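The values are calculated or read from the model by the stated rules, or taken from the named source; none is laboratory data. Quick caveat, the model's predicted, so the values are computed rather than measured. Here the Cβ positions follow ideal geometry from the backbone for every residue, glycine too, while neighbour counts run over all protein chains shown. Accessible surface is based on the protein model in full, side chains and every heavy atom, while ligands, DNA and RNA are left aside. Shrake-Rupley method; radii C 1.70, N 1.55, O 1.52, S 1.80 Å.
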Amino acid sequence: PTQHQMQIWGALLTLYDATNGDEWHVKTNWLSDAPICDWYGINCDGDNVIEINMGSNNMQGSIPSELGLFTSLEYLRLEENLLTRSTPSEIGLLTSLQVLWLHNNSLT
């Protein structure tokens with residue numbers, strides 16, 4: 001794997017840990033050896049993660065700043081979960097982002 005792929009893998013593991021991934025409703029292939037693009041809620045264009053869709057998945061905790069590493073991300077859907085604290089400023093680094101759904105959480 002390239003350094004970029006390792007960073008993305010690490011950022012997704014941080015997302016899992018920061019949002020209590022063990023309690024997610026669906027976590028198919030997360031923490032497995034399956035390609036990242038086969039993990040539940042992750043969609044790719046080639047090797048680039050372009051969508052993280054984890055809406056209504058019982059995510060609990062805070063959104064990690066590492067999501068700012070997903071420079072190709074077009075869709076970030078974390079709506080209708082139990083997320084708290086503030087939205088990290090690193091979300092502003094996602095210059096390809098077209099859709100940001102964070103509604104129905106307890107974000108500040």
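Return the total of residues in the range 38-86 being in a helix (DSSP H, G or I) and either over 14 Å from Ala11 (Cα atoms) or not polar (S, T, N, Q) (or both).
Of all residues in the range 38-86, those in a helix (DSSP H, G or I) come to 38, 65-69.
Of the ones still in play, those that are also either over 14 Å from Ala11 (Cα atoms) or not polar (S, T, N, Q) (or both) are 38, 66-69.
Selection size over the range 38-86: 5.
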Exercise. Can you tell me which residues in the range 84-98 are more than 17 Å from Gly41 (Cα to Cα) and hydrophobic (A, V, I, L, M, F, W, C)?
Worked result: Ile91, Leu93, Leu94
Exercise. Filter the range 5-30 for residues that are outside any helix (DSSP H, G or I) and more than 19 Å from Ser62 (Cα to Cα); which is least open to solvent (accessible area, probe 1.4 Å)?
Worked result: Asn29
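Suppose we keep only residues that are touching a helix residue (DSSP H, G or I) at 6+ places or on another chain (Cβ under 6 Å) and modelled with pLDDT of 95 or more within the range 69-92. Which one would you say is least open to solvent (accessible area, probe 1.4 Å)? Give the steps one after another, and end with the answer.
We begin by selecting, within the range 69-92, every residue touching a helix residue (DSSP H, G or I) at 6+ places or on another chain (Cβ under 6 Å); these are 69, 88, 90.
Next, from what is left, pick out any that are modelled with pLDDT of 95 or more: 88, 90.
Details: Pro88: 18, Glu90: 61 Å².
The residue in question is Pro88.
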Problem set entry | Any pair with Cβ under 9 angstrom, 6 or more apart, that starts in the range 73-89 at a residue that is of a type in the set (Lys, Arg) and ends at one that is assigned to a loop (DSSP other than H, G, I, E, B) | Arg77/Gly41; Arg77/Met54; Arg77/Gly55; Arg77/Leu102; Arg85/Ser62; Arg85/Ile63; Arg85/Thr108
For this session: Tell me which residues, restricted to the range 45-68, are farther than 15 Å from Leu94 by Cα, open to solvent by 30 Å² or more (accessible area, probe 1.4 Å) and touching a strand residue (DSSP E or B) at 6+ places or on another chain (Cβ under 6 Å).
Result: Asn53, Gln60
